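Notes follow the structure.
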Amino acid sequence: MTFAAFFRNALVFGGMLSAVAQPARKEEPWDVPFAKDTARLMAAARAAAKPDESTAVILLEEHVYHIDNRGRARTTFRKVFRVLDAEAVEDWASVEYGFAPWHQKKPELRARVITEDGAEHWLDRKTITDAPALELDSSVFSDRREIRAPLPAVAKGAVVEYEVTLADTAPFFDSGTAFRVIAAPDVPLRRFHFQLTSASPLPLQVATRQIPDNAVQR
């Protein structure tokens with residue numbers, strides 16, 4: 001799924017989603033960030049994953065944007081997933097997130113892993129590193145950086161939840177900004193949530209592309 005959001009007299013366009021439509025939105029334990037009832041969350045996660053599915057299932061991917069009256073964005077990204085394959089643990093056992101220091105603060109990260117016995121394992125903030133982002137083109141020079149952290153106790157059957165908060169110190173452009181939000185996972189995605197708000201009087205526009213009408217709930 002891709003949403004494109006613009007403000008300050010910008011144009012609008014969208015993106016893509018391949019999804020299974022759901023007739024009604026059912027409340028799930030992971031709708032509440034870092035819910036305390038881990039037993040209920042684990043039981044729901046087990047029920048959501050089919051045995052024939054691949055390495056993992058993403059239970060929720062959430063993007064929340066707020067634009068202040070100066071055009072600065074505050075973004076919260078949250079993901080909840082369950083690992084289904086022991087051989088894929090390494091692929092799901094870390095988190096990274098990029099930022100641009102010239103107009104953004106260093107992201108704030110929190111995370112936990114719930115193992116099948118119901119125990120919570122919280123991310124140790126001391127393990128979070130901050131390094132220059134890898135540039136694929138050697139002729140491109142940028143100040144972009146990435147925070148990275150290993151997730152504790154990830155194992156087959158574990159449920160992982162992490163949240164990244166990123167705040168602008170200045171808008172990317174004075175005349176307006178475009179956000180493209182993409183959901184194109186390699187594993188099943190159960191729910192995608194996008195929220196966009198702004199301070200008055202900034203005009204906001206949102207568009208979606210290649211998404212079945214009955215798969216979108218507003």
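The values are calculated or read from the model by the stated rules, or taken from the named source; none is laboratory data. Predicted, not measured: the structure shown is a model, and the values here were computed from it. Don't worry about glycine lacking a Cβ; one is built from the backbone with ideal geometry, like all the others, and counts go over all protein chains shown. Side chains included, ligands, DNA and RNA excluded: accessible areas come from the protein's heavy atoms. Shrake-Rupley method; radii C 1.70, N 1.55, O 1.52, S 1.80 Å.
What the table shows:
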quantity: With every protein chain in place, segment 38-127: carbon and sulfur % of accessible area (1.4 Å); calculated: 46
quantity: Residue-level accessible surface for D31, protein heavy atoms, 1.4 Å, Å²; calculated: 40
quantity: Largest to smallest accessible area among T169, T38 [probe 1.4 Å]; calculated: T169, T38
quantity: Estimated FRET transfer efficiency (D85, K105; beta-carbon r; R0 41 Å; 0.05); calculated: 0.70
quantity: FRET efficiency, K156 to R70 (Cβ-Cβ, R0 41 Å, nearest 0.05); calculated: 0.30
quantity: Per residue value of the accessible surface for segment 127-209 (all protein chains in place, 1.4 Å probe), Å²; calculated: 56
quantity: Reachable lysines from K106, criterion Cα separation under 20 angstrom, eight or more residues apart if same chain; calculated: K79, K126
quantity: Under 19 Å from K156, Cα to Cα: aspartates and glutamates that are on another chain or at least 8 residues apart; calculated: D52, E53, D85, E87, E90, D91, E116, D117, E120, D186
